[in-house]
């Protein structure tokens, strides 16, 4: 009897053990998703996923859902297009979960992510983010310096005199990267030479970097990638923000931002920026100023109006910049006739945009958007005896409709755009004009299975008045093997009309003749590639590993040939192949508490055909290393940051000295650059001190035949390394929230 | 290289100096009930309080919304600390949050969200 009882107990226990997991497995969570403001509206197609897992489901047409409880977590992430995502802690025995989502009210094209991971795990297109905290690590004060602590984008100087800078992605010129501000194409065409100076670092909230082709919504450009600069949001802007910066070259910057909310609906931010250099510095004793003298005044005003389902944004920008470079003896306005070599440029630019978006009343995933933008860019410049002036008017209207098919697993965007470009360039007394009218239509379909697969397929057709019909297809696929291992592939076509003089402004500062041999055709290229992102934890510390590879091949390219003839740059259409192979592997890891380290290796193989011969694109190192270390004490009271970049060998163009001796197959040796910064924060104040190029590496003779600037061999465009040597700077920031 | 060494030494001395200064006096502790609702609020409040004069340590328990502040009585007082919490956009005991600061908080930090 006792035995029987015992065995009965055992049996019961056994049954329990057997039953319990079964119960745990079959137990489902039921619930329904509603609109928070209108609690009678159900939301069909909302995504419900257990946090950190791939198990999830979508709500059905009545907004209801059923999904098994997770053994790993009790946090459920609910997201739905047009609504703010929410995370809910589910009680173990929750029988019926009611979820109320709040409308986000934000423009779909300007989604602002509060999450500040540097590599976003959610976006179907690989997106790297330079956060506002990263921006503070760079030596102030414009977009050119904003990429100093980032491995994917590099900034190079185009020549040793004018101070023009270009970004580079995938080893390709900045012209192939689409620059947008708040997702509106910006600073294109003739603004290219100095465009990185036109956006102050203090205007910027954060920067998204997209490698490979971007979305078709932003046009047919973006061959190597897209850099989207998100400017300060009027709703979140500080009441007062002041920044003062000065360096030992005598350059100083001053910035003032003022933010104000008139009501819950209307807010604005006014941003002012000035940059000044009036000190003639020649540290390499070549008789030329290392940096051009300059004065810039820049103002940006942004407004935001939010009222229920209607959101509107307006941005206005105006700037004036004056630059004088050349020999230290050169006097402003004296011209080349004075016998001294100088470069001058005066730029006036105004631009503006407006965005309007309206969300459907009962379908929050459905919205209409209208984006209008326009600019007028005017410049007048001189490079020795050469004069180059011009003007460009740009206008772009885009209309986008966004909705879903059935559930929000299938969403689409449809739209139409109309672009207009009016360019006038006067180069060495030759007038060139171009008028473009570009109506176009586009569509983008997104499939998202709510666990691990996202497909974005887009295409656009533009009817260009000069170059006919342009068809641009693009595809992006993201597959999560699990939440920590993410694969992405992308492929697509890009098209753009080159502006050869503006895009090769460096060569203006040389004795090279500009030769246009034939009528130049638009550039066309295919870009395909992929990336693998792994989020890992090692020794309790989080890290990220990213490897990517992109291949770009040109069907046509405007080739600036500086190889074939030593004293010329010859512009031709591509004959033969032109491509870029780009590979990058990067690790980010928190080595110790507060100590973040990034290390990257980059390989670029970029070749073009010059007179039928396939050769390296000049000035482009094949191998590069990047290491960044940042240490912050508790609550960021102290921040230390250092970046080392190493550049390998690179090919240089053919040159001839003034005696006519031709040198081909030239290369430049490897070198490293070290930048560092220390910041001390107080309640409202930050003080920072830093140094650029601390190893004090200087390119020997960045200007060829600097002593005879009007001779045949003069060339300041052969610059591949730092000119100024070490630069020390200091500054302060004041914030009133 | 020499510049580095000098800079490094200067910073080390500065940090040690600051620490040594802080250790001499006695500290007091206070608990303040706040309107914090999530971990983001915790980060905001702890960071904000760390920059207040006289505050040595600030720790928030999200579940109970209680903020424990260790401070130096000769440098600050409870009223000032409460005001500091209000300026960050949160209620402190009976003192209500500064409206402007509250409006700028992220949506997940708004009072009506409840502790999550």
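The values are calculated or read from the model by the stated rules, or taken from the named source; none is laboratory data. Because the structure is predicted, anything quoted here is derived from the model rather than measured. Note: ideal-geometry Cβ built from the backbone for every residue, glycine included; neighbour counts use all protein chains shown.
Return the residues of the stretch A:86-96 that are within 14 Å of chain B (Cβ to nearest Cβ) and either surrounded by fewer than 16 Cβ atoms within 10 Å (Cβ to Cβ) or assigned to a strand (DSSP E or B) (or both); say none if nothing qualifies. Those that are within 14 Å of chain B (Cβ to nearest Cβ) and either surrounded by fewer than 16 Cβ atoms within 10 Å (Cβ to Cβ) or assigned to a strand (DSSP E or B) (or both): A:86, A:87, A:88, A:89, A:91.
Checking B:40, B:49 one by one, the residue that is assigned to a helix (DSSP H, G or I) and over 13 Å from the mean Cα position of the chain (by Cα) is B:40 and no other.
The single condition among (1) under 24 Å from the mean Cα position of the chain (by Cα); (2) under 30 Å from residue A:310 (Cβ atoms) that residue A:362 does not satisfy is (1).
Residues in the stretch A:416-433 that are on the phi < 0 side of the Ramachandran plot and touching a residue at least 40 places away in the same chain (Cβ under 8 Å): A:417, A:419, A:421, A:423, A:425, A:427.
Take the conditions touching a residue at least 24 places away in the same chain (Cβ under 8 Å) and either assigned to a loop (DSSP other than H, G, I, E, B) or within 13 Å of chain A (Cβ to nearest Cβ) (or both) and apply them to residue B:90. Does it pass? Criteria met by residue B:90.
Yes/no per residue for (1) assigned to a strand (DSSP E or B); (2) at pLDDT below 95; (3) within 14 Å of chain B (Cβ to nearest Cβ):
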{"site": "A:270", "(1), (2), (3)": "yes, no, no"}
{"site": "A:274", "(1), (2), (3)": "yes, no, no"}
{"site": "A:280", "(1), (2), (3)": "no, no, no"}
{"site": "A:284", "(1), (2), (3)": "no, yes, no"}
{"site": "A:297", "(1), (2), (3)": "yes, no, no"}
{"site": "A:300", "(1), (2), (3)": "yes, no, no"}
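Residues that are part of a strand (DSSP E or B) and closer than 22 Å to residue A:303 by Cβ within the stretch A:209-242 comprise A:228, A:229, A:230, A:231, A:240, A:241, A:242, listed in sequence order.
Of the residues examined, residue A:120 is not one that is within 27 Å of residue A:478 (Cα to Cα), assigned by TED's automatic domain parsing to the domain that holds residue A:321, in contact (Cβ under 8 Å) with a residue 40 or more places away in the chain and surrounded by fewer than 23 Cβ atoms within 10 Å (Cβ to Cβ). Consider residue A:597 carefully, then state whether it is within 20 Å of the chain's Cα centre (by Cα) and more than 23 Å from residue A:502 (Cα to Cα). Spelling it out, it is not the case that residue A:597 is within 20 Å of the chain's Cα centre (by Cα) and more than 23 Å from residue A:502 (Cα to Cα). If the requirement is being buried (at least 18 other Cβ atoms within 10 Å of the Cβ), more than 22 Å from the chain's Cα centre (by Cα) and modelled with pLDDT of 95 or more, which of these qualifies: A:510, A:578, A:582? Answer to the selection: A:578. Selection within the stretch A:694-737: residues that are surrounded by fewer than 19 Cβ atoms within 10 Å (Cβ to Cβ), within 14 Å of chain B (Cβ to nearest Cβ) and touching a residue at least 60 places away in the same chain (Cβ under 8 Å). The member of this set that is nearest to residue A:663 (Cα to Cα) is A:725. Residues that are away from chain A (no Cβ under 13 Å) and more than 16 Å from the chain's Cα centre (by Cα) within the stretch B:93-116 comprise B:94, B:95, B:96, B:111, listed in sequence order.
Against the test of being more than 24 Å from residue A:156 (Cα to Cα) and under 28 Å from the mean Cα position of the chain (by Cα), the options A:641, A:636, A:616 yield a single qualifying residue, A:636. The residues of the stretch A:673-687 include none that are away from every other protein chain (no Cβ under 14 Å) and exposed (fewer than 13 other Cβ atoms within 10 Å of the Cβ). When the criteria are applied in full, residue A:442 fails the requirement of being in the same structural domain as residue A:195 (by TED's automatic domain parsing), over 21 Å from the mean Cα position of the chain (by Cα) and at pLDDT below 95.
Among residues of the stretch A:134-154 that are more than 23 Å from residue A:585 (Cα to Cα), those with a beta-carbon under 7 Å from a residue that is assigned to a loop (DSSP other than H, G, I, E, B) at least six positions away or on a different chain give the pairs A:139/A:148; A:142/A:199; A:143/A:199. Across the stretch B:44-65, the qualifying residues are those that are surrounded by fewer than 21 Cβ atoms within 10 Å (Cβ to Cβ) and over 18 Å from residue B:27 (Cβ atoms), and the one among them that is nearest to the other protein chains (Cβ to nearest Cβ) is B:47.
Within the stretch A:191-202, if we keep just the residues that are over 20 Å from residue A:218 (Cβ atoms) and not in a strand (DSSP E or B), the residue that is nearest to the chain's Cα centre (by Cα) turns out to be A:201.
Flag: residue A:374 matches the condition of being over 30 Å from residue A:715 (Cβ atoms) and free of Cβ contacts under 8 Å to residues at least 24 places away in the same chain.
Candidates are the residues of the stretch A:243-268 that are assigned to a strand (DSSP E or B) and touching a helix residue (DSSP H, G or I) at 6+ places or on another chain (Cβ under 9 Å); the one that is farthest from the other protein chains (Cβ to nearest Cβ) is A:253.
Evaluate the following for residue A:205: is it surrounded by fewer than 19 Cβ atoms within 10 Å (Cβ to Cβ), modelled with pLDDT under 95 and part of a loop (DSSP other than H, G, I, E, B)? So residue A:205 fails the test. When we screen A:212, A:171, A:259 for residues that are within 19 Å of residue A:312 (Cα to Cα), crowded, with 21+ Cβ neighbours inside 10 Å and in contact with a strand residue (DSSP E or B) (Cβ under 9 Å, 6 or more places away or on another chain), the only hit is A:259. Which one of these is surrounded by 16 or more Cβ atoms within 10 Å (Cβ to Cβ), at pLDDT below 95, in contact with a strand residue (DSSP E or B) (Cβ under 9 Å, 6 or more places away or on another chain) and at positive phi: A:404, A:450? Just one listed residue meets the conditions, A:450.
For the stretch A:453-472, the set of residues classified as free of Cβ contacts under 8 Å to residues at least 24 places away in the same chain and surrounded by 15 or more Cβ atoms within 10 Å (Cβ to Cβ) consists of A:457, A:461, listed by residue number.
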